[in-house]
Every structure is written in C-alpha cells, then in structure tokens.
Amino acid sequence: MLCYFDCALKLLCFFVYCLIVSDWGQSSLFRNMVFGQVVIGPPGSGKTTYCNGMSQFLSLMGRKVAIVNLDPANDALPYECAVNIEELIKLEDVMPEHSLGPNGGLVYCMEYLEKNIDWLESKLKPLLKDHYILFDFPGQVELFFIHDSTKNVLTKLIKSLNLRLTAVQLIDSHLCCDPGNYVSALLLSLSTMLHMELPHVNVLSKIDLIGSYGKLAFNLDFYTDVQDLSYLEHHLSQDPRSAKYRKLTKELCSVIEDYSLVNFTTLDIQDKESVGDLVKLIDKSNGYIFSGIDASVVEYSKIAIGQTDWDYNRVAAVQEMYMEDEETQD
C-alpha cells in the first residue's frame, strides 16, 4: 500500500514541478534562488569538520561559499564564518544569566534567534547574490524533531530570502556496529525528516573509520539502504540491554519500515570522490543542478527522475575500500 502511495506522490510532485517550470519559464526559477545546506546531526557526528571540508571542496569547484555558524556553543571554529550567532547571543552568557543547563541554554538561544530573525536576515542579504551557504547548527537533536524554533527560523529565511536548502544529517557510522544504536539513528533520522520538512540527505559520516569499529553483522548496503530490519532481532536479543526492550524495538522498526523514507549515503570527508558524490546528491535534491542550464520541461524531467550514475557502485566501492573482507580475516 505504501509503495503505491509513494509512486503516486512522486508522480504528483513531478506534475507540479512541470507546471512550475512551464509557468515561470525554463531555468529562471532556479536562477533566482539561493542554494545551500543545513548541516545537522548529534554531537560527535562531525558537523564542523564537514562544514570546513565541504567549504574547501566547493571553493575548489569554483563556488563562492559562506559558512553561517548558528551554534552558540561552538567557540573553536576551524573555518572562517561569514555570519556568527555569537555576535547576537552566546551560550556561555545565557546559562548563568537564566540558570539553565547546556540543553536548556541552546533551546533559549534558538528561541532568541527566532525572535531576532531580522538580525540574521540582514547578515545574509549581502551574501545572496553569489554565495552558496552552509548553515552549521548545534548538535542538540531535540532542536530538530521536538522544538519548533529551528524549523521556524529556516521557514522564515526560505520565504523571505528565496533560499533553496537541503538538510544534511550526519550520523556517525560507528552506530552501525550496534543494532540498538542503529535503530536509534534510524528513528532520529525519520523524526527529523518529518519535522523539518526539507529536502533531506542522511549521511553515514567517518566511513573511513568504520573498519576500526568492529565487524558489522551485515554488508554495508544493509545499513545504507535500510533493508529488512527483522534481521536485526537476532542480534538485538543477544544483548541483555536490548533484549529487555525487544517488543518496543520491534514496533519501532515497524514504524520505520512503514514510512520507508530513510536511507543513507556514506562520506569520507578527506576523500574528494566521496565528497563529490555527496555534492551531486545534494545538488539534485535542492535544485542547484538545474540552475546553470536552459532546458525544456522534458529535459528537466529527465534530469529530475534519472538515477545518479554512481548510485549502484557507491556502497560496494566503500565496503571494499574501508572494510576488511571476511575471507581475508579468516
């Protein structure tokens, strides 16, 4: 049933897309937009490193990149940011002044940013003409699937500044080594996708280290493509901590599979081919791929629904590069 619904939804989106293009006239719609990424993920997933590496990669491609730091707790930035939220508010000032802990302080900062959205808009307007924007957000996951302030900030920016953004959610690949942690990562990704309502790319970061985390229970494509999660039940039952919540975990897996929205791509931020493949995917999701071409509706549609040429080989190549073969181990 969900499969038919998914197909119908894709067809509807395609026809709406064709109407938009035909009404506004070829690629002018995309040329008037400002493109960028919303970089999110739990602490330790590598967001700041990602922003730094992605900025350098895109600059080498010829794009002018502006990084916007919206993490009021990130005071050791490895990159030069065009806009820094610490000019507006700092977490270290908020916590003692309002008797808040780190989590409550971050929520307060995002609410304060929402109320002072004019400040952020004024900082971004000089960048709109020729910059590609990377938004570096805090790592507190509650900001992206419970609280509305972050979503409201992005919604207002999209409407007022004509932004076209893709949410890039980083998940540390070591979570694949533990079935319980992997299910948690899936649930986090699904919740964030539903709450943020943005084009969304889920990324297993630090994939170059996955071989050092221990042997995976399945091939890498099981984790990237989110295949039949019932296969995890055996491994979950072997862990006393997970066995206690076996029924709950089974129901959560059922919810994830019913939505059928989550999958992952992989990233080694030090590997230019890995970063390049991710850029292709992001450019397609937010429409940047259409911004530099003049095309008819038919040509646009071919690009929109066509498969990426690296999609099939990406997982096999990554597994061969970073994961030891079982036969070799034996």
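Read the figures in this text as sums done on the coordinates, not as results from a lab. All values derive from a computational prediction rather than experimental measurement. Here Cβ is always computed from backbone atoms with ideal geometry, including for glycine, and neighbour counts include all displayed protein chains.
Extension gain for the segment residue 247 to residue 60, taken as residue separation times 0.36 nm less the Cα-Cα distance, is 62.3 nm to one decimal. Tell me which GluC sites (Glu not before Pro) from the stretch 22-125 have a DSSP coil assignment and no more than 12 other beta carbons within 10 Å of their own. Taking the stretch 22-125 and a limit of 12 other Cβ atoms within 10 Å, the loop GluC sites (Glu not before Pro) found are 80.
If you stretched the chain out fully between residue 184 and residue 235, how much longer would it get, using 0.36 nm times the residue separation minus the C-alpha to C-alpha distance?
Additional length available on full extension: 16.9 nm.
A DSSP coil position with no more than 16 other Cβ atoms inside 10 Å describes the following trypsin sites (Lys or Arg not before Pro) in the stretch 157-220: 215. Taking a sphere under 10 Å around the Cβ of residue 86 and counting the other residues whose Cβ falls inside, with K and R at +1 and D and E at -1, yields a net charge of -4. List the trypsin sites (Lys or Arg not before Pro) within the stretch 30-115 that fall in a DSSP loop (any state other than H, G, I, E or B) and whose Cβ has at most 14 other Cβ atoms within 10 Å. Those satisfying the criteria are 64. Can you give the FRET efficiency to the nearest 0.05 for residue 128 and residue 258, using r as the Cβ-Cβ distance and R₀ = 51 Å? Taking R0 as 51 Å, the efficiency between residue 128 and residue 258 is 0.80.
Could you calculate the contour length gain from residue 177 to residue 219, that is, 0.36 nm times the residue separation minus the distance between their Cα atoms, to one decimal place in nm?
14.0 nm
When 229, 261 are arranged by Cβ crowding within 10 Å, least crowded first, meaning fewest neighbours, the order is 261, 229. Phi-derived couplings, Karplus 6.51 cos²θ - 1.76 cosθ + 1.60 at θ = phi - 60°, listed residue by residue for the stretch 173-182: 5, 5, 5, 5, 6, 10, x, x, 5, 5 Hz, with x used for Gly and Pro.
For residue 156, a cut-off of 17 angstrom between C-alpha atoms picks up these lysines, skipping any fewer than 8 places away in its own chain: 115, 123, 125. Hydrodynamic estimate: the Kirkwood radius of the stretch 30-321 over Cα pairs, inserted into Stokes-Einstein at 10 °C and 1.306 mPa s, corresponds to D of 79 µm²/s.
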